[in-house]
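Right, one structure below, let's go through it.
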Amino acid sequence: MQAREALKKAVTTLSGAGIAIPEREASAILKDGLGINSLAVFKDDPTLTPHQEEKLEEILKRRVSREPLQYILGFVWFYGIKIEVGPGALIPRPETELVVEEVVKGVFPKTEAVSILDLCTGSGAIAIALSLNLPGADVTGTDISGSALVWAGKNMAANFDSASPHKIRFLKGDLFAPVGDSRFDIITANPPYIKEDVIETLPPEICCWEPRMALSGGAEGLDVVKRIISGAPEHLRPDGRLIMEIAGGTDIAALDRMSVDAGLRPEKVIKDYSGWDRVYIART
């Protein structure tokens, strides 16, 4: 089988299974699954090896079952970093990069010894991206899920060696519990924020595969968000910031009231690439 034929087969198979944007996924399968980049496909049209043909069949079979492509390939690119993911870990989305960007682009000088707490760290994507981009930062990630922290550990090992000057650690526990009364310059979070009754309406890649505890924010989607806001003031230093991903359509006025009641000052909201309010920022 030639590469162009394989690409066409992948597009047809994915399209028939109801996969959104099958052309993009087919290209990713050839590039990241089979090791054939798009330029080679159209310039050279190489012949697939028997192993590549077998792998193509395996990937398509799994993808047609609506297993997330990121789980099948074993990784996702996040803020230019290769993050390993699989069952038990929420798949980092492009929107979550906005949290990292807000910190990196100038909250504190890159070389300053700032301390960061990343709540609901999951695969460790936010924590690792911040540590790699802020050499002076001391980063702690916490998560209640042991399964998720296995992936965080893998990603830390893949992105840092024993001689690395970066300071990063992952702790198991519920939100602030693992850090006691420690205070930080920045708290980041991508908490569960989907309303419970909405989860079953989501694509099967999400509702049937990704960990429910990383998705469900309770009846109103705000159970964990409220706890983060209420606990943040006790764990932030003066002029510290809470930078948290939120659901599109969240009532910002309600978040502002929660923040003020907790002792925080609402600062700003950042919209995502589709125009939804996506990152909420408050400060001490």
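Since every read-out is calculated from the coordinates, none of them should be taken as a lab result. Just so it is clear, the model here is predicted, and its values are computed rather than measured. Here the Cβ positions follow ideal geometry from the backbone for every residue, glycine too, while neighbour counts run over all protein chains shown.
Observations on the structure shown:
- Placing +1 on each Lys and Arg Cβ and -1 on each Asp and Glu Cβ, with no other charges, gives the chain a dipole about its Cα centre of roughly 340 debye.
- Centre-to-centre, using Cα atoms only, the range 48-91 and the range 106-161 are separated by 24 Å.
- Couplings 3J(HN,Hα) for the range 232-239, derived from phi with the Karplus relation 6.51 cos²θ - 1.76 cosθ + 1.60 (θ = phi - 60°), are 4, x, 6, 10, 10, 7, x, 6 Hz, where x marks Gly and Pro.
- Pairs from Lys195/Lys268; Lys31/Lys167; Lys8/Lys195; Lys61/Lys226; Lys226/Lys268; Lys154/Lys271 whose Cα-Cα separation, in the structure shown, is over 29 Å: Lys31/Lys167; Lys8/Lys195; Lys61/Lys226; Lys154/Lys271
- In terms of packing, defined here as the mean over residues of other Cβ atoms within 10 angstrom, the peptides 229-235, 217-223 line up highest first as 229-235, 217-223.
- Think of the range 87-283 as having a plus end and a minus end, set by charges on the Cβ of Lys, Arg, Asp and Glu; of Leu264, Leu132, Leu171, Leu132 sits farthest toward the positive end of this dipole.
- Crossing angle, helix 252-262 versus the chain [Cα axis fit, 0-90 degrees, rounded to tens]: 40
- Taking every DSSP helix (H) stretch of at least 4 residues in the chain, weighting each as -39,500 (n - 2.57) and dividing the sum by the residue count yields a mean residue ellipticity at 222 nm of -10500 deg cm²/dmol.
- Of the GluC sites (Glu not before Pro) found in the range 1-85, none is in coil by DSSP with at most 11 other Cβ atoms within 10 Å of its Cβ.
- Cα gyration tensor category, rounded, prolate or oblate, for the range 87-283 with a/c compared to 1.5: oblate
- Taking the chain as a Gaussian network of alpha-carbon nodes connected by springs under 10 Å, the highest mean-square fluctuation of the residues Phe176, Phe42, Phe160 belongs to Phe42.
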